[in-house]
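To start, the structure itself, in structure tokens.
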Amino acid sequence: MQYLISVIDDGTGPATPKEDAAIDVFNDRLQAEGHWVFAGGLASPNSATVIDNRGEEVLVTDGPFLESKEYLAGFWIIEAPDLDVALKLAVEGSKACNRKIEVRPFLSA
Amino acid sequence: MIDVREAITRAHHEEWARVVAALTRRCGDLDIAEEAAAEAFATAVERWPADGVPPNPGGWLTITANRKAIDRIRRENKRDDRHREAQMVYADDPPEPLGAVDDDRLRLIFTCCHPALAMQARVALTLRMVGGLTVPEIARAFLVRETALEQRITRAKAKIKAARIPYRMPAAEDLPARVTGVLAVLYLVFNEGYLATGPDTDPARHDLTAEAIRLTRLIRALLPDDGEVAGLLALMLLTEARRTARVSASGELVTLDEQDRGAWDTALIAEGHRLVRERLAAAAAGVTPGRYQILAAVNAVHTSARDIRDTDWSQVLALYDQLVRLDPSPIIALNRAIAVAELDGPEVALAAVDRLEDNLAGYHAYHATRAELLRRLGRSQKSRGAYEKAIELAGNTAETACLTRRRDQLG
């Protein structure tokens with residue numbers, strides 16, 4: 001079972017070196033314990049481009065699809081047998097990156 | 001006919017949680033388990049009057065529910081359910097060792113009370129899945145619309161499935177935190193039994209209070225050092241001890257001041273008092289008591305008085321003051337006012353109660369308390385109005401009978 005752990009930035013800004021170091025430790029642990037699937041930090045929402053090709057013409061828009069004070073700053077995709085395990089990891093992830101996070105299951109096959 | 005109906009009611013009270021818990025374990029899906037259990041009971045209602053009550057109603061219901069679950073899985077005919085279907089058809093459950101059934105129900109409770117679910121959803125889900133209450137009964141207990149409640153339960157079940165909330169006992173280190181949510185739910189189940197709602201239900205459902213006590217005892221055995229578990233158990237025991245004195249032979253609620261205290265269950269009171277003393281010792285050692293411990297202490301004061309006139313109301317009021325600091329809810333304030341009436345008179349208490357109108361205008365006990373205070377103040381006209389409002393809002397038949405008599409006794 002895979003879970004998306006979204007890191008929510010609510011005005012905290014980019015990670016500090018101390019936070020980066022804590023995230024590295026957490027990532028090492030995810031890999032050592034077999035929970036690691038993928039993770040990454042995202043550049044600011046201002047750098048986003050929205051594409052809509054549902055109509056006849058491609059629409060290209062500068063900026064994020066949703067203007068919001070809270071935005072996705074990064075994410076982990078983890079492998080966990082159930083939500084209890086995922087939540088425990090998320091609790092530590094939140095501490096490591098010093099941000100609010102959301103845990104959401106992927107649709108299972 | 002009446003015997004069959006009684007047998008079905010009893011089977012529902014006794015077997016519902018077992019059937020749901022066992023089915024959930026076998027098919028791993030609360031939704032299927034609940035629906036299959038409901039269908040099995042509906043089948044019992046259909047068949048038992050003609051075929052007679054089976055010798056082992058619980059076994060009959062489990063087998064029937066199991067079949068219903070297999071039917072549903074087949075109907076849905078999903079590829080990934082084939083394996084599950086095969087498991088259910090062929091897997092021989094090893095015989096349960098004595099007591100394992102309780103663990104199954106506890107597992108069900110911890111799943112229903114999972115912290116990833118909203119508190120309201122936990123309570124609703126537990127009452128439905130473990131308590132076996134119907135959606136209308138639960139909706140009434142929470143003062144919400146049935147459709148809203150149904151939605152709440154459906155959403156919770158969907159989340160359990162999609163996010164894979166596990167069906168098992170929490171790890172030892174998570175247990176204390178998980179228990180807090182469970183206690184809130186058990187207290188609600190107890191209260192539904194203590195003051196059952198609905199015109200067709202008994203005024204007090206001993207099965208629900210007994211079930212809540214039984215499960216609280218189990219959790220107490222698991223967590224002997226948890227003060228709130230002890231507090232809740234004591235609170236339930238001291239309330240349950242007055243059960244037979246609380247409803248008269250004619251089915252009318254008897255209030256604390258009019259109860260035959262000789263009819264109280266002394267064994268339950270002794271057990272409750274032991275628990276309260278244990279918590280008082282902990283409080284003296286510096287452990288701050290939670291709300292259940294304080295409520296248990298209030299009930300210990302009441303059950304220590306041989307006569308209503310011997311009640312130590314200043315102690316009751318001191319405990320409510322402590323409780324208000326912990327939980328400034330209007331219902332606590334209402335109960336506090338009752339103690340105030342005994343110490344400072346009905347006039348002072350009425351002023352305190354009237355301040356709660358905005359929050360409690362839809363709550364029968366608010367009007368019943370007002371009616372009582374107004375009666376004591378000799379304001380019959382206003383008292384009558386308050387009784388009528390309380391009667392209109394009260395859902396408990398025994399309470400309605402008591403309120404009606406008191407209204408009719410007004411000069």
Using Cα pairs closer than 8 Å and at least 6 residues apart in sequence, work out the relative contact order for chain B, in percent. 11 percent
Tally up the carbon and sulfur contribution to the accessible surface of segment B:329-411 as a whole percent, 1.4 Å probe, everything protein left in place. 46 percent
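Counting only helical runs of four or more DSSP H residues, what would the 222 nm mean residue ellipticity of chain B come to if each run contributes -39,500 (n - 2.57) and the total is spread over all its residues?
Result for chain B, helices only: -23500 deg cm²/dmol.
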Exposure rank, largest accessible area first [A:71, B:387, B:187; 1.4 Å]: A:71, B:187, B:387
Count charges around residue B:8 for me, please; just the other residues with Cβ under 13 Å from its Cβ, Lys/Arg as +1, Asp/Glu as -1. -3
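Between residue B:277 and residue B:51, what length in nm is gained on full extension when 0.36 nm per residue of separation is reduced by their alpha carbon distance?
Working: separation 226, 0.36 × 226 = 81.36 nm, distance 5.30 nm.
Gain on stretching residue B:277 to residue B:51: 76.1 nm.
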Note the angle between two axes, namely the Cα long axis of helix B:330-344 and the longest principal axis of the Cα atoms of chain B, as a number of degrees from 0 to 90, rounded to the nearest 10. 30 degrees
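Would you calculate a helix-derived [θ] at 222 nm for chain A, using -39,500 (n - 2.57) for each DSSP H run of n ≥ 4 and dividing by the full residue count, to the nearest 500?
Details: 2 runs with 31 residues, N = 109.
It lands at -9500 deg cm²/dmol.
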Once you treat every alpha carbon in the protein assembly as shown as an equal point and sum by Debye, what is log10 I(q)/I(0) at q = 0.06, 0.08 Å⁻¹? -0.38, -0.67
Per-pair calculated FRET efficiency, R0 = 25 Å: residue A:37 and residue B:155 via Cβ, rounded to 0.05: 0.35
Accessible area of chain A divided out per residue, in Å², using a probe of 1.4 angstrom: 66 Å²
For labels at residue B:327 and residue B:6 in the simple 7 Å Cα→Cβ model, what's the distance in nm? 3.7 nm
Any idea of residue B:206's accessible area? Nearest 10 Å², probe 1.4 Å. 80 Å²
Of the residues B:54, B:346, B:176, which exhibits the maximal mean-square fluctuation in a Gaussian network model of chain B defined by a 10 Å Cα contact cut-off? B:54
Entries in B:68/B:159; A:69/B:157; A:18/B:159; A:18/A:69; A:69/B:161; B:157/B:389 that, when Cα-Cα distance is taken, lie over 29 Å: A:69/B:157; A:18/B:159; A:69/B:161; B:157/B:389
When A and B pair up, the total accessible heavy-atom area removed from solvent (1.4 Å probe), in Å² to nearest 100, is 900 Å²
Alpha-carbon Rg/Rh ratio, for segment B:209-332, with Rh computed the Kirkwood way: 0.97
When only alpha-carbon atoms count, how far does chain B stretch along each of its three principal axes, as whole angstroms with the largest first? 71, 52, 39
Residues of segment A:60-109 buried by at least 40 Å² on assembly (accessible area, 1.4 Å probe, chain alone as reference): A:82, A:83, A:84, A:88
Accessible surface, per residue, of chain B when the full set of protein chains is kept, probe 1.4 Å, Å²: 48 Å²
Test of understanding: in a Gaussian network model of chain B with alpha carbons linked when under 10 Å, which of B:219, B:331, B:294 would top the mean-square fluctuation ranking? B:331
For segment B:329-411, what's the relative contact order in percent, using C-alpha pairs closer than 8 Å and at least 6 residues apart? 23 percent
Return the single residue from A:19, A:56, A:92 with maximal mean-square fluctuation; model: Gaussian network over chain A, springs between Cα atoms under 10 Å. A:56
Counting only protein chains, not ligands or nucleic acids, how are B:169, B:236, A:1, B:119 ordered by accessible area (probe 1.4 Å), most first? B:119, B:169, A:1, B:236
Qualifying lysines (Cα of each under 21 Å from Cα of residue B:382; at least 8 residues distant if same chain): none
From the protein chains alone at 1.4 Å, what is the descending order of accessible area for A:69, B:157, largest first? A:69, B:157
Could you work out the relative contact order of segment A:2-105? I mean the mean sequence separation of Cα pairs under 8 Å and 6+ apart, divided by the number of residues, in percent. 50 percent
Looking at B:356, B:293, B:313, which one has the Cα that reaches farthest to the positive end of the dipole of segment B:263-361 (charges on Cβ: Lys, Arg +1; Asp, Glu -1)? B:293
Accessible area (Å², 1.4 Å probe, nearest 10) - residue B:288: 110 Å²
Work out which residues of segment B:136-181 lose at minimum 30 square angstrom of accessible surface when the other protein chains are put back, relative to the chain isolated, with a 1.4 angstrom probe, and list them by number. B:162, B:163, B:164, B:166, B:168
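The values are calculated or read from the model by the stated rules, or taken from the named source; none is laboratory data. Just so we're clear, the structure is a prediction, and the values are computed from it rather than from any experiment. Neighbour counts run over all protein chains shown; Cβ positions are idealised from the backbone, glycine included. In case anyone asks, the SASA skips ligands and DNA or RNA and just uses the protein heavy atoms, side chains included. Shrake-Rupley method; radii C 1.70, N 1.55, O 1.52, S 1.80 Å.
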